[in-house]
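Everything on this sheet refers to the single structure shown next.
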Amino acid sequence: MARERFTPDYDPDCGDASLTSSRQDIVIGRWQGLRELLRATGPDWLARGHRIRLLAQSCAGNSTVETWLAAEPRSADALVLRAATETARAFNLAIAAGRGVPIDQQRIDTAVMACLQAAEAWPDDPTPWVSLISVARLYPAGVRRQELARWWDELHARDPYSVEGHLQVLHYYSARWHGSHGLMYDFAHDAAGVAPPGCPLPVLVQYARVEEYRHLLDAVDGGQSAVGHGQHWSHEGAVSAVHRTWQCWMSVRDDEAIAPGELRDLNHLAHAACHAGVQDISAALLRMLGRRATRTPWSYTGDPDQQFAKFRREAKLRA
């Protein structure tokens with residue numbers, strides 16, 4: 001009998017069925033499902049950040065969040081989602097314009113003001129500060145160092161171990177945006193160094209390695225074949241970083257349950273372990289993931305399906 005071919009499941013909602021249902025509501029302009037979802041999520045910042053980010057991507061192309069706000073203008077959840085949506089819209093414009101082409105500053109300012117309004121509406125919520133730090137990247141010269149530091153302090157005070165919040169700062173400090181490889185790695189290592197056992201922040205080092213690789217690809221006009229990725233992923237520092245992240249994060253967890261908001265992080269560590277040749281860790285991570293996958297970062301190093309099949313085959317995992 002032929003073995004079943006392994007096929008990853010790239011569910012964009014990462015297995016969050018309630019989120020999937022709410023995103024389907026957005027397509028038909030129904031906002032009540034968003035209200036119920038975010039009300040039920042409450043101050044679970046990991047789940048809330050994951051849901052807000054993906055809801056905003058769906059709301060960016062229509063007026064559902066504006067319809068909600070028209071019906072409930074004082075809804076803190078609606079204001080937080082509107083802030084994330086304006087941020088997503090600004091990034092969509094930037095993507096359409098092309099790398100290095102500035103967009104209308106008024107659109108960035110609109111997103112910033114929406115973030116500040118949302119932060120005022122729900123003072124304990126870190127999510128508007130994540131959106132604010134994210135959209136700051138779109139200013140051609142960035143923002144003043146003191147301003148970024150103030151926004152970061154506000155975020156850190158509300159959710160000191162937010163991977164998404166740290167990730168937005170990491171992107172800001174990257175060479176593709178307003179910093180350098182050195183500044184980016186310093187930030188990632190500093191965050192990893194203060195993370196308590198079981199906290200996922202050490203995976204920022206793997207995110208930084210992906211970000212550096214994307215910068216290398218940009219330098220050769222996206223020609224993946226022009227950049228040999230083997231040494232980038234498998235030198236001594238990269239291998240050591242995989243071991244440290246595994247030891248500080250995954251090896252001390254009580255169980256192997258993966259929350260939807262963690263799936264992207266785990267895929268980054270699995271990708272790093274596979275390409276670094278750390279077979280015991282990569283096998284354990286691939287076993288944990290099963291079919292649950294995110295296209296990035298696998299898509300930066302080739303065809304995701306082919307890579308999953310190859311590395312699972314090497315780990316002797318069944319389909």
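Overview of values
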| quantity | calculated |
| --- | --- |
| Pair list, Cβ under 7 Å, 6 or more apart: region 276-287 residue buried (at least 19 other Cβ atoms within 10 Å of the Cβ) and in a helix (DSSP H, G or I), other residue at pLDDT below 95 and charged (D, E, K, R) | Leu286/Arg312 |
| In region 155-180, residue farthest from the chain's Cα centre (by Cα) [restricted to those that are surrounded by fewer than 22 Cβ atoms within 10 Å (Cβ to Cβ) and of a type in the set (A, V, I, L, M, F, W, C)] | Ala157 |
| Among residues of region 297-317, those that are under 20 Å from Gly261 (Cβ atoms) and in contact (Cβ under 8 Å) with a residue 40 or more places away in the chain, counted | 1 |
| Residue check for Ile103: touching a Leu at 6+ places or on another chain (Cβ under 6 Å) and either open to solvent by 60 Å² or more (accessible area, probe 1.4 Å) or in a loop (DSSP other than H, G, I, E, B) (or both) | yes |
| Unique residue being part of a helix (DSSP H, G or I), open to solvent by less than 20 Å² (accessible area, probe 1.4 Å) and over 27 Å from Val205 (Cβ atoms) when the list is Ala96, Ala84, Ala90 | Ala90 |
| Lone qualifier among Trp246, Trp298 - being aromatic (Phe, Trp, Tyr), more than 25 Å from Ile52 (Cα to Cα), at pLDDT 95 or above and out of contact with any Gly (no Cβ under 7 Å at 6 or more places or on another chain) | Trp246 |
| Any hit, region 69-80, residues being under 15 Å from Gln32 (Cα atoms) and of a type in the set (Ser, Thr, Tyr) | yes |
| Count - residues of region 37-56 that are more than 13 Å from the chain's Cα centre (by Cα), farther than 15 Å from Ala76 by Cβ and assigned to a helix (DSSP H, G or I) | 1 |
| Any hit, region 221-229, residues being under 22 Å from Val278 (Cβ atoms) and without any contact (Cβ under 8 Å) to a residue 24 or more places away in the chain | yes |
| Test: residue in region 69-80 that is open to solvent by 40 Å² or more (accessible area, probe 1.4 Å) and touching an Asp or Glu at 6+ places or on another chain (Cβ under 8 Å) | no |
| Conditions (1) modelled with pLDDT of 95 or more; (2) assigned to a loop (DSSP other than H, G, I, E, B); (3) open to solvent by less than 60 Å² (accessible area, probe 1.4 Å); (4) not acidic (Asp, Glu); number of the one not met by Gln206 | (2) |
| Members of region 111-134 found to be open to solvent by 20 Å² or more (accessible area, probe 1.4 Å) and either of a type in the set (Ser, Thr, Tyr) or at pLDDT below 95 (or both), listed by number | none |
| Test: Arg137 is open to solvent by 30 Å² or more (accessible area, probe 1.4 Å) and either at pLDDT 95 or above or among the hydroxyl-bearing types (Ser, Thr, Tyr) (or both) | no |
| Residues located in region 243-275, provided they are buried (at least 19 other Cβ atoms within 10 Å of the Cβ) and polar (S, T, N, Q) | Thr245, Asn267 |
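The values are calculated or read from the model by the stated rules, or taken from the named source; none is laboratory data. Please read these numbers as outputs of a predicted model, since none were measured by experiment. Cβ: placed from backbone, ideal geometry, glycine included. Neighbour counts: every protein chain shown. When the accessible area is computed, the model is the full protein with side chains, heavy atoms only, and any ligands, DNA or RNA have been set aside. Shrake-Rupley method; radii C 1.70, N 1.55, O 1.52, S 1.80 Å.
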